[in-house]
Amino acid sequence: HRYLNDKKYEAAIVRFSQILMFKEFTLVYSNRGAAYALKGDYKLARPDMAKALNMDPKLAESWFNLARVDLELKQYEQALDSANVAIDLKSDNPDFFDLRARIHMEMQQKKKAEADTQRAWDIREAEQ
């Protein structure tokens, strides 16, 4: 995580790849995918995120990250599917609803986007 926090994405990718040569870890695939995504390499990020989810499909944040990557790749249906799974797994995260609202906007579904934006707002208000 240190490399990601320091925005040294290439170093993070190298380190995570080294770890994966010895043993496969869900978190390492997820983190390497995040490093690729933060670097803007969404096509490289997607397989790692999918691999992490194949290993542990109950990670809501990984579904969220996959949805973000698919949104950037303009794969809106896939992004929406992943965002829905993230929300099904963890319905109290306002960021998940914000992302789904962005996806709905890209899909020209304004009313659904507004509903998700309102839901994100309501969750944040309840947290205070």
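The values are calculated or read from the model by the stated rules, or taken from the named source; none is laboratory data. What you are looking at is a predicted structure, and each value in this text was computed from that prediction instead of being measured. Note that each Cβ is placed from the backbone with ideal geometry, even for glycine, and that neighbours are counted across all protein chains shown. Accessible surface is based on the protein model in full, side chains and every heavy atom, while ligands, DNA and RNA are left aside. Shrake-Rupley method; radii C 1.70, N 1.55, O 1.52, S 1.80 Å.
Average accessible surface for the chain: 61 Å² per residue, computed with a 1.4 Å probe over protein heavy atoms with every protein chain in place. With all pairs of separate Cα atoms included, the chain yields a Kirkwood hydrodynamic radius of 15.1 Å.
Charged side chains reduced to their Cβ positions (Lys and Arg at +1, Asp and Glu at -1) give the stretch 75-128 a dipole of some 180 debye around its Cα centre. If you take the square roots of the eigenvalues of the alpha-carbon gyration tensor of the stretch 55-99 and sort them as a ≥ b ≥ c, do you get rounded (a/c under 1.5), prolate (a/b over b/c) or oblate? It is oblate, given that a/c is not under 1.5 and a/b is not larger than b/c.
When you restrict to C-alpha pairs under 8 Å that are six or more residues apart and normalise by the size of the chain, the relative contact order lands at 15 percent. For Lys110 and Asp6, the FRET efficiency from 1/(1 + (r/R0)^6), where r spans their Cβ atoms and R0 equals 35 Å, is about 0.35.
Give the carbon-plus-sulfur fraction of the accessible surface of the stretch 70-124 in %, rounded to a whole number; probe 1.4 Å, heavy atoms of protein chains only. That share works out to 47 percent. Cα axis of helix 26-39 to longest principal axis of the chain: angle in degrees, 0 to 90, nearest 10? Value to nearest ten degrees: 80. Relative contact order for the stretch 58-103: 41 percent, from Cα pairs under 8 Å spaced at least 6 residues apart, divided by residue count. Dipole size of the stretch 1-95 about its Cα centre, with +1 on Lys/Arg Cβ and -1 on Asp/Glu Cβ: approximately 440 debye, rounded to the nearest 20. Label-to-label distance for Asp122 and Gln18 is 4.9 nm, based on points extended 7 Å past Cα in the beta-carbon direction.
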